[in-house]
1. Across segment B:40-56, which residue is farthest from B:D211 (Cα to Cα) among those that are of a type in the set (V, I, T) and more than 14 Å from chain A (Cβ to nearest Cβ)?
2. With under 24 Å from the mean Cα position of the chain (by Cα) and without any contact (Cβ under 8 Å) to a residue 24 or more places away in the chain as the only criterion, which of A:S244, A:S265 stands out?
3. Which of the residues that make up segment B:73-115 are more than 9 Å from chain A (Cβ to nearest Cβ), in contact with a helix residue (DSSP H, G or I) (Cβ under 6 Å, 6 or more places away or on another chain) and assigned to a loop (DSSP other than H, G, I, E, B)?
4. Take B:E155 and decide whether it is outside any helix (DSSP H, G or I), on the phi > 0 side of the Ramachandran plot and not polar (S, T, N, Q).
5. Return the pairs, sorted by first residue and then second, in which the second residue is outside any helix (DSSP H, G or I) and among the small types (G, A, S), the first residue lies in segment A:99-111 and is without any contact (Cβ under 8 Å) to a residue 40 or more places away in the chain, the beta carbons are less than 6 Å apart, and the residues are 6+ apart or on different chains.
6. Hey, among the residues in segment B:123-148 that are β-branched (V, I, T) and under 18 Å from the mean Cα position of the chain (by Cα), which one's surrounded by the most Cβ atoms within 10 Å (Cβ to Cβ)?
7. Condition check: closer than 27 Å to A:P178 by Cα, assigned to a helix (DSSP H, G or I) and within 16 Å of ligand 1 (Cβ to nearest atom). Does B:I33 satisfy that?
8. Can you find a residue that is among the charged types (D, E, K, R), within 14 Å of chain B (Cβ to nearest Cβ) and in a helix (DSSP H, G or I) anywhere in segment A:196-215?
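The values are calculated or read from the model by the stated rules, or taken from the named source; none is laboratory data. Keep in mind that what you see is a predicted model, and the values were worked out from it rather than measured. Counting neighbours? That spans all protein chains shown, and the Cβs are built from the backbone with ideal geometry, glycine included.
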Amino acid sequence: MTQDQGAETDQKSRPRNGSKRVTDERPWWDTFPWWSAIIAAILLWMAWQIATSEDYELAWDRISPGLRLTVTATLQAFAIALVVGLAAGMGQLSRNVVARNISRTYVEFIRGIPILPLIFTVALIVVPETTEMLNSRLNAWFGWEFKLSFQMRATVTLALIYGAYMAEIFRGGIQSIPPGQSEAGRSLGLTRRQTMNSVILPQAMRAIIPPLGNDFIAILKDTSLLSVLGVLEITQRGRQFSASTFKFREGYFVVSFIYLILTLSLSLLLGLLEKRMTRDRQGER
Amino acid sequence: MITLSGLTKTFDRTIHAVKDVDLHIDEGEVVVIVGPSGSGKSTILRCINLLEIPTAGTVLVDGFELTDTSTDIDHVRAEVGMVFQQFNLFPHLTVMENITLAQRKVRGRSRAEAEEMAMRQLTRVGIPEKADSYPRQLSGGQQQRVAIARSLAMEPRVMLFDEPTSALDPEMVKEVLDVMLELAAEGMTMVVVSHEMGFARAAADRLVFIDEGEIIEAGPPEEIFTNPAHERTRAFFDKILY
Ligand SMILES: Nc1ncnc2c1ncn2[C@@H]1O[C@H](COP(=O)(O)OP(=O)(O)O)[C@@H](O)[C@H]1O
Ligand SMILES: [Mg+2]
(Lines give C-alpha, C1' and ligand atoms only; values in the text may rest on other atoms or scores of the structure.)
(Ligands and ions follow the chains in the order given, each with its own letter.)
Protein backbone atom coordinates (compact mmCIF):
# COMPACT_ATOMS: atom_id res chain seq x y z
CA MET A 1 0.00 0.00 0.00
CA THR A 2 2.58 2.57 1.10
CA GLN A 3 4.96 1.23 -1.50
CA ASP A 4 2.41 1.78 -4.22
CA GLN A 5 1.87 5.33 -3.09
CA GLY A 6 5.60 5.91 -3.01
CA ALA A 7 5.95 4.67 -6.58
CA GLU A 8 3.15 6.95 -7.71
CA THR A 9 4.57 10.13 -6.22
CA ASP A 10 7.97 9.21 -7.63
CA GLN A 11 6.52 9.09 -11.09
CA LYS A 12 4.74 12.37 -10.73
CA SER A 13 7.59 14.43 -9.31
CA ARG A 14 10.13 14.58 -12.14
CA PRO A 15 13.80 14.61 -11.15
CA ARG A 16 15.10 18.19 -11.31
CA ASN A 17 18.73 18.62 -12.38
CA GLY A 18 19.09 15.44 -14.33
CA SER A 19 19.54 13.38 -11.17
CA LYS A 20 17.67 10.16 -11.69
CA ARG A 21 15.69 8.35 -9.10
CA VAL A 22 16.04 4.80 -10.31
CA THR A 23 15.44 3.08 -7.01
CA ASP A 24 13.99 3.97 -3.65
CA GLU A 25 16.22 1.39 -1.98
CA ARG A 26 18.31 2.88 0.81
CA PRO A 27 21.94 1.93 1.48
CA TRP A 28 22.52 -0.77 4.07
CA TRP A 29 23.99 1.63 6.63
CA ASP A 30 20.81 3.66 6.52
CA THR A 31 18.53 0.77 7.35
CA PHE A 32 20.84 -1.22 9.65
CA PRO A 33 19.43 -1.35 13.23
CA TRP A 34 22.40 0.34 14.86
CA TRP A 35 20.51 0.80 18.07
CA SER A 36 20.31 -2.94 18.66
CA ALA A 37 24.03 -3.29 18.01
CA ILE A 38 24.71 -0.54 20.54
CA ILE A 39 22.49 -2.13 23.16
CA ALA A 40 24.03 -5.54 22.51
CA ALA A 41 27.47 -4.01 22.98
CA ILE A 42 26.45 -2.41 26.28
CA LEU A 43 24.99 -5.68 27.51
CA LEU A 44 28.10 -7.59 26.51
CA TRP A 45 30.28 -5.05 28.28
CA MET A 46 28.16 -5.36 31.44
CA ALA A 47 28.29 -9.15 31.27
CA TRP A 48 32.04 -8.96 30.82
CA GLN A 49 32.35 -6.72 33.87
CA ILE A 50 30.29 -9.06 36.00
CA ALA A 51 32.25 -12.06 34.83
CA THR A 52 35.71 -10.59 35.32
CA SER A 53 35.57 -7.95 38.05
CA GLU A 54 35.34 -9.09 41.66
CA ASP A 55 33.31 -6.08 42.78
CA TYR A 56 30.75 -6.63 40.05
CA GLU A 57 30.63 -10.32 40.81
CA LEU A 58 29.97 -9.58 44.45
CA ALA A 59 27.18 -7.18 43.47
CA TRP A 60 25.72 -9.80 41.17
CA ASP A 61 25.78 -12.45 43.90
CA ARG A 62 24.03 -10.17 46.34
CA ILE A 63 21.45 -8.75 43.94
CA SER A 64 20.45 -11.55 41.58
CA PRO A 65 18.60 -13.62 44.24
CA GLY A 66 16.00 -10.83 44.10
CA LEU A 67 15.08 -11.99 40.59
CA ARG A 68 12.76 -14.62 41.97
CA LEU A 69 10.74 -12.06 43.89
CA THR A 70 10.66 -9.67 40.94
CA VAL A 71 9.40 -12.36 38.60
CA THR A 72 6.86 -13.74 41.07
CA ALA A 73 5.48 -10.30 41.85
CA THR A 74 5.24 -9.50 38.12
CA LEU A 75 3.36 -12.68 37.31
CA GLN A 76 1.00 -12.33 40.28
CA ALA A 77 0.30 -8.66 39.64
CA PHE A 78 -0.26 -9.29 35.91
CA ALA A 79 -2.64 -12.19 36.52
CA ILE A 80 -4.74 -10.26 39.04
CA ALA A 81 -4.68 -7.16 36.85
CA LEU A 82 -5.96 -9.16 33.87
CA VAL A 83 -9.01 -10.34 35.78
CA VAL A 84 -9.69 -6.92 37.32
CA GLY A 85 -9.07 -5.17 33.99
CA LEU A 86 -11.38 -7.43 32.01
CA ALA A 87 -14.12 -7.02 34.62
CA ALA A 88 -13.76 -3.24 34.77
CA GLY A 89 -13.41 -2.93 30.99
CA MET A 90 -16.56 -4.92 30.28
CA GLY A 91 -18.21 -3.24 33.27
CA GLN A 92 -17.85 0.13 31.59
CA LEU A 93 -19.69 -1.21 28.55
CA SER A 94 -22.35 -2.92 30.63
CA ARG A 95 -26.02 -2.01 30.37
CA ASN A 96 -26.15 -2.07 34.15
CA VAL A 97 -25.88 1.48 35.47
CA VAL A 98 -24.29 0.39 38.77
CA ALA A 99 -21.62 -1.78 37.14
CA ARG A 100 -20.87 0.96 34.65
CA ASN A 101 -20.39 3.65 37.25
CA ILE A 102 -18.41 1.54 39.69
CA SER A 103 -16.01 0.55 36.89
CA ARG A 104 -15.68 4.11 35.68
CA THR A 105 -15.05 5.46 39.18
CA TYR A 106 -12.37 2.85 39.79
CA VAL A 107 -10.60 3.54 36.51
CA GLU A 108 -10.67 7.33 36.77
CA PHE A 109 -9.68 7.31 40.43
CA ILE A 110 -6.67 5.04 39.99
CA ARG A 111 -5.47 6.64 36.79
CA GLY A 112 -5.44 10.06 38.41
CA ILE A 113 -2.94 9.20 41.16
CA PRO A 114 0.79 8.50 40.67
CA ILE A 115 1.92 4.99 41.50
CA LEU A 116 4.15 5.80 44.45
CA PRO A 117 1.59 7.57 46.65
CA LEU A 118 -0.94 4.90 45.67
CA ILE A 119 1.37 2.16 46.89
CA PHE A 120 1.80 3.92 50.24
CA THR A 121 -1.91 4.60 50.54
CA VAL A 122 -3.01 1.09 49.74
CA ALA A 123 -0.24 -0.78 51.55
CA LEU A 124 -0.14 1.35 54.68
CA ILE A 125 -3.76 2.48 55.04
CA VAL A 126 -6.30 0.68 52.86
CA VAL A 127 -5.05 -2.89 53.32
CA PRO A 128 -4.41 -2.72 57.10
CA GLU A 129 -7.74 -1.05 57.77
CA THR A 130 -9.81 -3.40 55.62
CA THR A 131 -8.04 -6.48 56.96
CA GLU A 132 -8.52 -5.22 60.50
CA MET A 133 -12.21 -4.73 59.81
CA LEU A 134 -12.51 -8.17 58.21
CA ASN A 135 -10.39 -9.85 60.85
CA SER A 136 -12.47 -8.74 63.82
CA ARG A 137 -15.37 -10.64 62.19
CA LEU A 138 -13.31 -13.56 60.92
CA ASN A 139 -11.70 -13.97 64.33
CA ALA A 140 -15.05 -13.91 66.10
CA TRP A 141 -16.63 -16.41 63.68
CA PHE A 142 -13.83 -18.76 62.74
CA GLY A 143 -10.96 -17.94 65.14
CA TRP A 144 -8.87 -17.26 62.03
CA GLU A 145 -7.22 -14.11 60.73
CA PHE A 146 -6.34 -12.89 57.34
CA LYS A 147 -2.83 -11.53 56.82
CA LEU A 148 -1.20 -9.89 53.84
CA SER A 149 2.58 -9.58 53.76
CA PHE A 150 4.05 -6.30 52.61
CA GLN A 151 5.04 -8.04 49.42
CA MET A 152 1.48 -9.15 48.74
CA ARG A 153 0.07 -5.73 49.63
CA ALA A 154 2.41 -4.12 47.17
CA THR A 155 1.63 -6.71 44.51
CA VAL A 156 -2.10 -6.18 44.96
CA THR A 157 -1.59 -2.43 44.67
CA LEU A 158 0.32 -2.87 41.43
CA ALA A 159 -2.43 -5.17 40.16
CA LEU A 160 -5.12 -2.63 41.02
CA ILE A 161 -3.21 0.12 39.25
CA TYR A 162 -2.59 -1.89 36.12
CA GLY A 163 -6.13 -3.28 36.27
CA ALA A 164 -7.32 0.25 35.62
CA TYR A 165 -4.96 0.68 32.66
CA MET A 166 -5.95 -2.71 31.28
CA ALA A 167 -9.64 -1.88 31.67
CA GLU A 168 -9.05 0.87 29.14
CA ILE A 169 -7.24 -1.54 26.82
CA PHE A 170 -10.09 -4.05 26.97
CA ARG A 171 -12.72 -1.37 26.55
CA GLY A 172 -10.89 0.19 23.63
CA GLY A 173 -10.36 -3.20 21.99
CA ILE A 174 -14.02 -4.12 22.25
CA GLN A 175 -15.16 -0.70 21.06
CA SER A 176 -12.81 -0.85 18.07
CA ILE A 177 -15.01 -3.57 16.56
CA PRO A 178 -17.63 -1.97 14.28
CA PRO A 179 -21.20 -2.21 15.65
CA GLY A 180 -22.23 -4.03 12.46
CA GLN A 181 -20.42 -7.10 13.79
CA SER A 182 -22.56 -7.45 16.86
CA GLU A 183 -25.67 -6.51 14.87
CA ALA A 184 -24.92 -9.33 12.45
CA GLY A 185 -24.40 -11.72 15.36
CA ARG A 186 -27.57 -10.65 17.13
CA SER A 187 -29.69 -10.77 13.97
CA LEU A 188 -28.63 -14.40 13.48
CA GLY A 189 -30.16 -15.13 16.88
CA LEU A 190 -26.93 -15.30 18.90
CA THR A 191 -27.35 -14.03 22.46
CA ARG A 192 -25.38 -11.06 23.76
CA ARG A 193 -22.93 -13.38 25.49
CA GLN A 194 -22.49 -15.64 22.46
CA THR A 195 -21.93 -12.60 20.25
CA MET A 196 -19.35 -11.24 22.70
CA ASN A 197 -17.50 -14.56 22.99
CA SER A 198 -17.58 -15.78 19.39
CA VAL A 199 -17.67 -12.58 17.37
CA ILE A 200 -16.40 -9.55 19.31
CA LEU A 201 -13.70 -10.81 21.69
CA PRO A 202 -11.76 -12.93 19.16
CA GLN A 203 -11.48 -9.88 16.92
CA ALA A 204 -10.79 -7.51 19.79
CA MET A 205 -7.92 -9.75 20.97
CA ARG A 206 -5.81 -8.59 18.04
CA ALA A 207 -6.06 -5.05 19.30
CA ILE A 208 -5.72 -6.08 22.95
CA ILE A 209 -2.73 -8.44 23.05
CA PRO A 210 0.08 -6.03 22.02
CA PRO A 211 -0.74 -3.32 24.59
CA LEU A 212 -1.26 -6.01 27.24
CA GLY A 213 2.25 -7.23 26.47
CA ASN A 214 3.54 -3.70 26.95
CA ASP A 215 1.77 -3.54 30.29
CA PHE A 216 3.43 -6.79 31.31
CA ILE A 217 6.81 -5.19 30.72
CA ALA A 218 5.70 -2.03 32.51
CA ILE A 219 4.61 -4.08 35.53
CA LEU A 220 7.96 -5.82 35.58
CA LYS A 221 9.72 -2.46 35.75
CA ASP A 222 7.31 -1.09 38.31
CA THR A 223 7.94 -3.96 40.71
CA SER A 224 11.04 -1.89 41.50
CA LEU A 225 8.65 0.39 43.39
CA LEU A 226 8.01 -2.42 45.85
CA SER A 227 11.43 -1.54 47.23
CA VAL A 228 9.88 1.41 49.07
CA LEU A 229 8.06 -1.13 51.22
CA GLY A 230 11.26 -3.03 51.90
CA VAL A 231 10.37 -5.97 49.65
CA LEU A 232 13.65 -7.67 48.77
CA GLU A 233 13.37 -7.63 45.00
CA ILE A 234 16.18 -6.58 42.69
CA THR A 235 16.07 -2.83 43.26
CA GLN A 236 15.88 -3.12 47.04
CA ARG A 237 18.80 -5.56 47.05
CA GLY A 238 20.74 -3.15 44.87
CA ARG A 239 20.02 -0.32 47.30
CA GLN A 240 21.10 -2.40 50.27
CA PHE A 241 24.26 -3.58 48.55
CA SER A 242 25.25 -0.07 47.51
CA ALA A 243 24.49 1.43 50.89
CA SER A 244 26.47 -1.14 52.82
CA THR A 245 29.50 -1.32 50.53
CA PHE A 246 29.47 2.17 49.01
CA LYS A 247 29.89 0.47 45.63
CA PHE A 248 27.07 2.45 44.00
CA ARG A 249 28.33 2.05 40.48
CA GLU A 250 28.55 -1.73 40.71
CA GLY A 251 25.22 -2.07 42.52
CA TYR A 252 23.14 0.00 40.15
CA PHE A 253 24.90 -1.27 37.02
CA VAL A 254 23.96 -4.80 37.93
CA VAL A 255 20.39 -3.77 38.74
CA SER A 256 20.05 -2.02 35.37
CA PHE A 257 21.68 -4.95 33.61
CA ILE A 258 19.13 -7.42 34.99
CA TYR A 259 16.16 -5.20 34.11
CA LEU A 260 17.49 -4.58 30.62
CA ILE A 261 17.97 -8.27 29.92
CA LEU A 262 14.43 -9.02 31.09
CA THR A 263 12.65 -6.17 29.35
CA LEU A 264 14.56 -6.44 26.09
CA SER A 265 14.00 -10.15 25.73
CA LEU A 266 10.33 -9.66 26.57
CA SER A 267 9.87 -6.97 23.94
CA LEU A 268 11.69 -9.17 21.45
CA LEU A 269 9.20 -11.97 22.19
CA LEU A 270 6.32 -9.55 21.95
CA GLY A 271 7.59 -8.31 18.60
CA LEU A 272 7.71 -11.89 17.29
CA LEU A 273 4.18 -12.53 18.57
CA GLU A 274 2.87 -9.41 16.83
CA LYS A 275 4.61 -10.40 13.63
CA ARG A 276 2.99 -13.80 13.78
CA MET A 277 -0.39 -12.21 14.42
CA THR A 278 -0.10 -9.98 11.36
CA ARG A 279 1.08 -12.91 9.26
CA ASP A 280 -1.82 -15.11 10.38
CA ARG A 281 -4.08 -12.28 9.59
CA GLN A 282 -2.90 -11.80 6.02
CA GLY A 283 -5.03 -14.71 4.86
CA GLU A 284 -8.16 -12.96 5.96
CA ARG A 285 -7.43 -9.30 5.38
CA MET B 1 -46.37 -12.42 8.74
CA ILE B 2 -45.30 -8.90 9.76
CA THR B 3 -47.60 -6.24 11.12
CA LEU B 4 -46.37 -2.82 12.13
CA SER B 5 -48.93 -0.64 13.88
CA GLY B 6 -48.30 2.93 14.86
CA LEU B 7 -44.56 2.25 14.69
CA THR B 8 -42.69 5.31 15.91
CA LYS B 9 -39.01 5.75 16.55
CA THR B 10 -37.48 8.90 17.97
CA PHE B 11 -33.72 9.21 18.51
CA ASP B 12 -32.41 11.42 21.31
CA ARG B 13 -35.94 12.74 21.91
CA THR B 14 -35.63 15.10 18.94
CA ILE B 15 -34.92 13.10 15.77
CA HIS B 16 -38.22 11.70 14.53
CA ALA B 17 -36.92 8.91 12.29
CA VAL B 18 -40.18 6.96 11.95
CA LYS B 19 -43.61 8.43 12.57
CA ASP B 20 -46.68 6.32 13.18
CA VAL B 21 -46.12 3.75 10.42
CA ASP B 22 -48.71 1.06 9.73
CA LEU B 23 -47.67 -1.74 7.41
CA HIS B 24 -48.83 -5.31 6.98
CA ILE B 25 -46.80 -7.85 5.04
CA ASP B 26 -48.29 -11.23 4.14
CA GLU B 27 -46.48 -14.51 4.08
CA GLY B 28 -44.62 -14.89 0.77
CA GLU B 29 -44.98 -11.23 -0.08
CA VAL B 30 -42.04 -9.21 -1.40
CA VAL B 31 -42.11 -5.57 -0.36
CA VAL B 32 -39.60 -3.03 -1.62
CA ILE B 33 -39.15 0.15 0.41
CA VAL B 34 -37.81 3.28 -1.29
CA GLY B 35 -37.33 6.83 -0.13
CA PRO B 36 -34.77 9.60 0.17
CA SER B 37 -31.68 9.18 2.34
CA GLY B 38 -32.50 9.66 6.00
CA SER B 39 -36.21 9.04 5.50
CA GLY B 40 -36.26 6.20 8.04
CA LYS B 41 -36.06 3.11 5.81
CA SER B 42 -33.27 1.43 7.75
CA THR B 43 -34.88 2.29 11.05
CA ILE B 44 -38.15 0.60 10.03
CA LEU B 45 -36.25 -2.50 8.92
CA ARG B 46 -34.20 -2.57 12.11
CA CYS B 47 -37.34 -2.34 14.22
CA ILE B 48 -38.58 -5.55 12.59
CA ASN B 49 -35.84 -7.52 14.34
CA LEU B 50 -35.49 -5.14 17.26
CA LEU B 51 -32.01 -3.90 16.43
CA GLU B 52 -33.79 -0.64 17.23
CA ILE B 53 -36.35 -0.58 19.99
CA PRO B 54 -39.46 1.32 18.92
CA THR B 55 -40.42 4.43 20.86
CA ALA B 56 -44.10 3.60 20.38
CA GLY B 57 -46.29 1.19 18.46
CA THR B 58 -46.18 -2.54 18.04
CA VAL B 59 -44.22 -4.95 15.86
CA LEU B 60 -45.83 -8.32 15.25
CA VAL B 61 -43.61 -10.91 13.56
CA ASP B 62 -44.84 -14.43 12.91
CA GLY B 63 -47.34 -14.07 15.76
CA PHE B 64 -44.79 -12.75 18.26
CA GLU B 65 -45.24 -9.29 19.72
CA LEU B 66 -41.64 -8.06 19.72
CA THR B 67 -42.14 -5.05 21.94
CA ASP B 68 -43.57 -7.32 24.62
CA THR B 69 -40.76 -7.97 27.11
CA SER B 70 -41.92 -11.57 27.60
CA THR B 71 -41.07 -12.37 23.97
CA ASP B 72 -37.77 -14.22 23.58
CA ILE B 73 -36.18 -11.83 21.14
CA ASP B 74 -33.21 -14.10 20.35
CA HIS B 75 -35.67 -16.75 19.25
CA VAL B 76 -37.51 -14.39 16.92
CA ARG B 77 -34.28 -13.00 15.48
CA ALA B 78 -33.26 -16.51 14.44
CA GLU B 79 -36.42 -16.60 12.30
CA VAL B 80 -35.74 -13.23 10.70
CA GLY B 81 -32.69 -13.07 8.45
CA MET B 82 -31.00 -9.73 7.88
CA VAL B 83 -28.65 -8.70 5.10
CA PHE B 84 -26.71 -5.47 5.58
CA GLN B 85 -25.33 -2.91 3.17
CA GLN B 86 -21.81 -3.52 4.54
CA PHE B 87 -22.17 -7.34 4.49
CA ASN B 88 -20.94 -7.61 8.10
CA LEU B 89 -19.30 -10.97 7.63
CA PHE B 90 -17.12 -12.07 10.55
CA PRO B 91 -13.59 -11.34 9.28
CA HIS B 92 -11.84 -13.72 11.69
CA LEU B 93 -13.83 -16.73 10.48
CA THR B 94 -13.81 -18.59 7.17
CA VAL B 95 -16.87 -18.54 4.94
CA MET B 96 -17.80 -21.97 6.27
CA GLU B 97 -17.38 -20.88 9.89
CA ASN B 98 -19.39 -17.72 9.22
CA ILE B 99 -22.29 -19.85 8.03
CA THR B 100 -22.09 -22.59 10.65
CA LEU B 101 -21.57 -20.46 13.79
CA ALA B 102 -25.19 -19.51 14.48
CA GLN B 103 -26.56 -22.80 13.16
CA ARG B 104 -24.60 -24.64 15.80
CA LYS B 105 -25.04 -22.18 18.67
CA VAL B 106 -28.64 -21.19 18.07
CA ARG B 107 -30.16 -24.12 16.18
CA GLY B 108 -28.04 -26.66 18.04
CA ARG B 109 -27.03 -28.48 14.87
CA SER B 110 -24.05 -30.79 14.79
CA ARG B 111 -20.97 -29.71 12.89
CA ALA B 112 -21.73 -32.13 10.07
CA GLU B 113 -25.36 -31.00 9.76
CA ALA B 114 -24.34 -27.34 9.83
CA GLU B 115 -21.65 -27.84 7.20
CA GLU B 116 -23.99 -29.73 4.94
CA MET B 117 -26.54 -26.93 5.20
CA ALA B 118 -23.80 -24.37 4.58
CA MET B 119 -22.68 -26.12 1.42
CA ARG B 120 -26.28 -26.28 0.23
CA GLN B 121 -26.72 -22.53 0.71
CA LEU B 122 -23.32 -21.72 -0.82
CA THR B 123 -24.28 -23.75 -3.87
CA ARG B 124 -27.56 -21.88 -4.02
CA VAL B 125 -25.77 -18.52 -4.11
CA GLY B 126 -23.25 -19.91 -6.60
CA ILE B 127 -19.95 -19.99 -4.71
CA PRO B 128 -19.48 -23.43 -3.10
CA GLU B 129 -15.77 -23.28 -3.92
CA LYS B 130 -15.24 -20.37 -1.50
CA ALA B 131 -16.09 -22.32 1.66
CA ASP B 132 -12.56 -22.19 3.05
CA SER B 133 -11.77 -18.61 2.07
CA TYR B 134 -11.76 -15.69 4.46
CA PRO B 135 -14.16 -12.81 3.73
CA ARG B 136 -11.33 -10.45 2.77
CA GLN B 137 -10.31 -12.78 -0.03
CA LEU B 138 -13.70 -12.37 -1.70
CA SER B 139 -15.10 -9.65 -3.92
CA GLY B 140 -17.93 -7.50 -2.59
CA GLY B 141 -20.53 -9.41 -4.56
CA GLN B 142 -19.23 -12.73 -3.26
CA GLN B 143 -19.19 -11.41 0.30
CA GLN B 144 -22.77 -10.29 0.04
CA ARG B 145 -23.79 -13.67 -1.34
CA VAL B 146 -22.06 -15.36 1.60
CA ALA B 147 -23.98 -13.04 3.92
CA ILE B 148 -27.22 -14.12 2.25
CA ALA B 149 -26.21 -17.79 2.54
CA ARG B 150 -25.39 -17.24 6.21
CA SER B 151 -28.90 -15.93 6.85
CA LEU B 152 -30.60 -18.59 4.74
CA ALA B 153 -28.79 -21.38 6.59
CA MET B 154 -30.87 -20.47 9.64
CA GLU B 155 -33.98 -21.26 7.56
CA PRO B 156 -35.64 -17.94 8.42
CA ARG B 157 -39.30 -17.23 7.80
CA VAL B 158 -38.57 -13.65 6.74
CA MET B 159 -35.59 -11.99 5.08
CA LEU B 160 -34.77 -8.31 5.51
CA PHE B 161 -32.38 -6.56 3.10
CA ASP B 162 -31.02 -3.10 3.86
CA GLU B 163 -29.60 -1.67 0.62
CA PRO B 164 -27.82 -4.96 -0.16
CA THR B 165 -26.25 -3.70 -3.39
CA SER B 166 -25.41 -0.10 -2.46
CA ALA B 167 -21.85 -0.86 -1.39
CA LEU B 168 -21.07 -2.97 -4.45
CA ASP B 169 -19.14 -2.14 -7.59
CA PRO B 170 -21.61 -1.91 -10.50
CA GLU B 171 -20.54 -5.15 -12.15
CA MET B 172 -21.39 -7.10 -9.00
CA VAL B 173 -24.90 -5.82 -8.45
CA LYS B 174 -26.51 -8.31 -10.77
CA GLU B 175 -25.08 -11.45 -9.16
CA VAL B 176 -26.61 -10.40 -5.83
CA LEU B 177 -29.93 -9.33 -7.32
CA ASP B 178 -30.15 -12.66 -9.17
CA VAL B 179 -29.90 -14.53 -5.89
CA MET B 180 -32.59 -12.29 -4.39
CA LEU B 181 -34.87 -12.75 -7.41
CA GLU B 182 -34.58 -16.49 -7.11
CA LEU B 183 -35.36 -16.27 -3.41
CA ALA B 184 -38.45 -14.19 -4.17
CA ALA B 185 -39.56 -16.71 -6.79
CA GLU B 186 -39.28 -19.49 -4.22
CA GLY B 187 -41.82 -17.68 -2.08
CA MET B 188 -39.67 -16.17 0.67
CA THR B 189 -41.23 -13.30 2.58
CA MET B 190 -38.93 -10.37 1.90
CA VAL B 191 -38.66 -6.75 2.94
CA VAL B 192 -36.10 -5.01 0.78
CA VAL B 193 -34.80 -1.47 1.08
CA SER B 194 -33.30 -0.81 -2.34
CA HIS B 195 -33.25 1.69 -5.14
CA GLU B 196 -32.78 -1.04 -7.75
CA MET B 197 -36.00 -0.33 -9.60
CA GLY B 198 -35.35 -3.19 -12.02
CA PHE B 199 -35.50 -5.55 -9.08
CA ALA B 200 -38.65 -3.89 -7.74
CA ARG B 201 -40.32 -4.27 -11.13
CA ALA B 202 -39.36 -7.90 -11.45
CA ALA B 203 -39.94 -9.14 -7.92
CA ALA B 204 -41.93 -6.74 -5.75
CA ASP B 205 -45.58 -7.32 -4.99
CA ARG B 206 -45.69 -3.91 -3.43
CA LEU B 207 -43.59 -0.78 -3.49
CA VAL B 208 -43.67 1.44 -0.43
CA PHE B 209 -42.52 5.04 -0.71
CA ILE B 210 -41.34 6.66 2.50
CA ASP B 211 -40.45 10.26 3.19
CA GLU B 212 -39.58 11.90 6.50
CA GLY B 213 -40.50 8.81 8.48
CA GLU B 214 -43.97 8.42 6.99
CA ILE B 215 -45.46 6.14 4.36
CA ILE B 216 -46.47 8.44 1.54
CA GLU B 217 -47.90 5.76 -0.70
CA ALA B 218 -47.82 2.05 -1.40
CA GLY B 219 -48.95 -0.18 -4.23
CA PRO B 220 -47.87 -2.32 -7.18
CA PRO B 221 -44.52 -1.02 -8.49
CA GLU B 222 -45.68 -0.35 -12.05
CA GLU B 223 -48.60 1.73 -10.84
CA ILE B 224 -46.42 3.86 -8.61
CA PHE B 225 -43.75 4.36 -11.27
CA THR B 226 -46.17 5.42 -13.98
CA ASN B 227 -48.86 7.10 -11.98
CA PRO B 228 -47.77 8.25 -8.53
CA ALA B 229 -50.57 9.77 -6.48
CA HIS B 230 -48.39 12.21 -4.61
CA GLU B 231 -46.21 15.03 -5.72
CA ARG B 232 -43.41 13.95 -3.34
CA THR B 233 -43.33 10.49 -4.89
CA ARG B 234 -43.21 11.93 -8.38
CA ALA B 235 -40.38 14.29 -7.43
CA PHE B 236 -38.43 11.42 -5.92
CA PHE B 237 -38.74 9.17 -8.94
CA ASP B 238 -37.87 12.09 -11.22
CA LYS B 239 -34.59 12.23 -9.35
CA ILE B 240 -33.69 8.55 -9.40
CA LEU B 241 -35.16 7.31 -12.71
CA TYR B 242 -33.66 8.17 -16.07
N1 LIG C 1 -28.65 5.53 16.11
C2 LIG C 1 -29.13 6.73 15.71
N3 LIG C 1 -29.00 7.80 16.52
C4 LIG C 1 -29.49 9.01 16.14
N5 LIG C 1 -30.10 9.23 14.98
C6 LIG C 1 -30.25 8.21 14.13
C7 LIG C 1 -29.76 6.90 14.43
N8 LIG C 1 -30.05 6.07 13.40
C9 LIG C 1 -30.69 6.82 12.50
N10 LIG C 1 -30.82 8.11 12.91
C11 LIG C 1 -31.49 9.21 12.19
O12 LIG C 1 -32.77 8.75 11.86
C13 LIG C 1 -33.13 9.20 10.55
C14 LIG C 1 -33.49 8.01 9.70
O15 LIG C 1 -32.35 7.23 9.48
P16 LIG C 1 -32.35 5.92 8.60
O17 LIG C 1 -33.45 5.04 9.05
O18 LIG C 1 -30.98 5.35 8.64
O19 LIG C 1 -32.65 6.47 7.15
P20 LIG C 1 -32.48 5.77 5.72
O21 LIG C 1 -32.13 4.34 5.94
O22 LIG C 1 -33.81 5.96 5.05
O23 LIG C 1 -31.42 6.53 5.01
C24 LIG C 1 -31.95 9.99 10.03
O25 LIG C 1 -32.20 11.35 10.26
C26 LIG C 1 -30.81 9.50 10.88
O27 LIG C 1 -29.85 10.51 11.02
MG1 LIG D 1 -30.36 3.29 5.40
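1. B:T55
2. Checking each option against the conditions leaves just A:S265.
3. Residue satisfying the conditions is B:R109 alone.
4. Criteria met by B:E155.
5. These pairs meet every condition: A:R100/A:S94.
6. Residue satisfying both the conditions and the ranking: B:V146.
7. Here the answer is no, as B:I33 does not meet what is asked.
8. Checking segment A:196-215: at least one residue is among the charged types (D, E, K, R), within 14 Å of chain B (Cβ to nearest Cβ) and in a helix (DSSP H, G or I).
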